[in-house]
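Encoded as structure tokens, the structure appears first; notes follow it.
The values are calculated or read from the model by the stated rules, or taken from the named source; none is laboratory data. Owing to the predicted nature of the structure, the values given are computational and were not obtained by experimental measurement. Cβ coordinates were reconstructed from backbone atoms using ideal geometry, including for glycine residues, and neighbour counts include every protein chain displayed.
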Amino acid sequence: MLQQVLHEIETANGPVYYGELARKLGVERSALDGMIQFWVQKGRLRRNVPPGHTDSTICGGSCRGSCPGPNSCPFVMKTPQAYSIRIQE
Amino acid sequence: MTASTNTFDNTPFVIDYGPDLEDAISQLQERIEATPKLTQRYPARWLAIKLLEEDNIVSANVAGISGGAEILTIASQYIANLRSKYGEDVDTLIADRRYSWINHLVREIIRQGGADEPTTSDKIDQIVTNRWLGVPIFMLAMWAVFKLTTDVSAPYLDWITDVIGGPISNWALALLALVELENSWVASLVVEGVLAGVGGVLVFVPVLMSLFLALALLEDSGYMSRAAYVMDRLMRMVGLHGKAFVPLVVGFGCNVPAIYATRTLENRRDRILTGLLAPFMSCGARLPVYVLFATVFFPAYSSLAVFAMYLLGILVAVLIGLVLKNTLFKTSETTGMIMELPPYRLPTIRNVWSSMWQRTKGFLHGAATIILLTSIVVWALMAVPVGGEGAFADTDIDSSLFSRVSDLVTPVFKPLGFGSWEASGALISGFVAKEVVVSTLGQVYNVGGPDKVLEPTTFLEDVVSIVTSFAQATIDTFKSIPLILGIDLFGDEAQDAPSELMTAIRTGFEASSGGRGALAGLAFMVFVLLYTPCMAVVAAQRQEFGAKWMWTSVIGQFVIAWLVAFAVFQGGLILGI
């Protein structure tokens, strides 16, 4: 099942989203989330969060890329939570 | 959700890991059971599984126990055998079996109201993220955004223009007269520098607020994630890195965070490529320029003209991306990705307001700092006479240092139809921030100077006029909303007369283009869209990618902008447009 999750992400022609994959593999979304986290821990998936950020919020302006919070940044935007296959160096 | 009732017995809970794993576990378990020091501390099966999983803490503890080293050696043999058979780490094989068991168990005992049936979000997504419908729906959403920013915000734009040009200018001049400075250079600084410069940009606050409102609605409803998903697929179809679209979507708000958002890309080449493409996305700062020029030259199609600029930005980014991907950045395979699409929901007033206000505050902060400073510098350069004509702050604008310096680059823009020192000067100062293009145009066309004759009014009359015109603008805004759907509730009501700045721009562009003002105006919009990014973006590019790529972007974008604007103007002339 874990392998299937990784295989589906690797071979999909474009991004896949949680609901779509959960339905395709017949797994609960919460279980799928656990599987994604497993692959993140194993280093096979990578959470798409820029260095210096704790979540998928992107900041700009004087923050120079690190996001102390919406009150300190002139431009803040939430981006979708995403994980991608880690390229083997 | 309901759970079925079950009768529990006392059988120890055991997951069946499959024949090969179970074989390894039971053999290792036997060896562990033969080592009393270990069984005193750990259950044998549990320890066998932990050792096969290569649990660092447990392995370290076992190594310190008599007989433990031998058990670790045996475990490593089983691990090697299983890894060679399955080509995967044993902990992954174990986790896989556990997840299969969990999933089976969940499916057995939990009945969720139609767990396999698509939710409302899923049903919407089947249309919104559809392979064929996704992109047209995204374009439609963008179209609605630009109708909102141009048509719906127009009444408030007119209101602020009147307030700044009327009561605020009145009050500023009255205050200057009070301290007997109405005929000094201070009056020139306040009226021609601050009011014309910063005021010229502030009138576009309603436009930007509309854009930020639309972005906030799209974000909070959950659609923005779908837009990234849909466009990601499109990017891949044309051969670009799918993940690049998230930074590019961010670029619609501001290019600076878009540059930083490239950090989400793993490969340096992909990061640089996306960082070079991000400035082609039309940021909010360019919107005032588009709205101003679209209103001047294409009043009946202003939304379409603004929308076209955004589409052109995407198109140029895709084309440049394809060229670079097949030349300088010929590498990297695309990687798979999984995205969390939040369920659709009704946007909350609190979230939408917070997001809109944060961004508007950022724009106002820019107006109070960098735009103010640039306006003062431009005013100072316009106040310095060249060639001994006039005195400081009392010189003909055509003989000012600013006009002479701007005039040096005017020949570059002549083939594009806007070879005047006014347009050149605005583009030079636009390097500081794109909205400064508008503030500089307000200054160089010298509308509302200190000599401007304002109708004398009392303070009370001014306040009443501000309040009543605001109320009228609010009514007009509500009447403008159906314009998004093409329904005009204004009927034959008289349209507002063009402002002084608009008239001055039209006259100036007609003169510099030999009577082809609209074509020159379109070329100018295209140039502003594509030319050298603003100072803050350039600094971010230098920080993220180094000086070499920063200069590539600065020079490359200027050349691209020149070529495309040239094609627009000269092509239009050839076609007789």
List every residue pair whose Cβ atoms lie under 9 Å apart, where the two residues are 6 or more positions apart in sequence or sit on different chains, the first residue falls within the range B:362-376 and is closer than 16 Å to B:CYS534 by Cα, and the second residue, located anywhere, is modelled with pLDDT of 80 or more and surrounded by fewer than 17 Cβ atoms within 10 Å (Cβ to Cβ). B:ILE370/B:MET535
Tally, over the range B:513-537, of residues that are over 18 Å from B:SER553 (Cβ atoms), surrounded by fewer than 23 Cβ atoms within 10 Å (Cβ to Cβ) and polar (S, T, N, Q): 0
Residues being away from chain A (no Cβ under 14 Å) and either surrounded by fewer than 18 Cβ atoms within 10 Å (Cβ to Cβ) or not aliphatic (A, V, I, L, M) (or both): count how many of those fall in the range B:538-554. 7
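Please determine whether any residue of the range B:353-360 is more than 30 Å from B:LYS123 (Cβ to Cβ), among the small types (Gly, Ala, Ser) and in a helix (DSSP H, G or I).
No, the range B:353-360 contains no residue that is more than 30 Å from B:LYS123 (Cβ to Cβ), among the small types (Gly, Ala, Ser) and in a helix (DSSP H, G or I).
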Residue that is modelled with the highest pLDDT, among those in the range B:431-467 that are of a type in the set (S, T, N, Q) and closer than 18 Å to B:PHE524 by Cβ: B:THR440
Given the options B:GLY366, B:GLY387, name the one that is part of a loop (DSSP other than H, G, I, E, B) and either in contact with a Leu (Cβ under 9 Å, 6 or more places away or on another chain) or not aromatic (Phe, Trp, Tyr) (or both). B:GLY387
Can you spot a residue in the range B:322-333 that is within 14 Å of chain A (Cβ to nearest Cβ) and among the aromatic types (Phe, Trp, Tyr)? no
Yes/no for B:GLU53 being under 49 Å from the mean Cα position of the chain (by Cα), closer than 26 Å to A:LEU2 by Cβ and crowded, with 16+ Cβ neighbours inside 10 Å: yes
Going by the structure shown, is B:ASP407 surrounded by fewer than 22 Cβ atoms within 10 Å (Cβ to Cβ), in contact (Cβ under 8 Å) with a residue 12 or more places away in the chain and more than 9 Å from every other protein chain (Cβ to nearest Cβ)? yes
Any residue at all in the range A:66-82 that's modelled with pLDDT of 80 or more and closer than 30 Å to B:TYR17 by Cβ? no
Can you tell me which of B:ILE314, B:ILE371 is within 14 Å of another protein chain (Cβ to nearest Cβ) and closer than 24 Å to B:PHE558 by Cα? B:ILE371
Subset of the range A:10-32 [loosely packed, with under 15 Cβ neighbours inside 10 Å and either aliphatic (A, V, I, L, M) or in a loop (DSSP other than H, G, I, E, B) (or both)]: A:ASN13, A:GLY26
Every listed condition ((1) surrounded by fewer than 16 Cβ atoms within 10 Å (Cβ to Cβ); (2) within 11 Å of another protein chain (Cβ to nearest Cβ)) holds for B:LEU140 save (2)
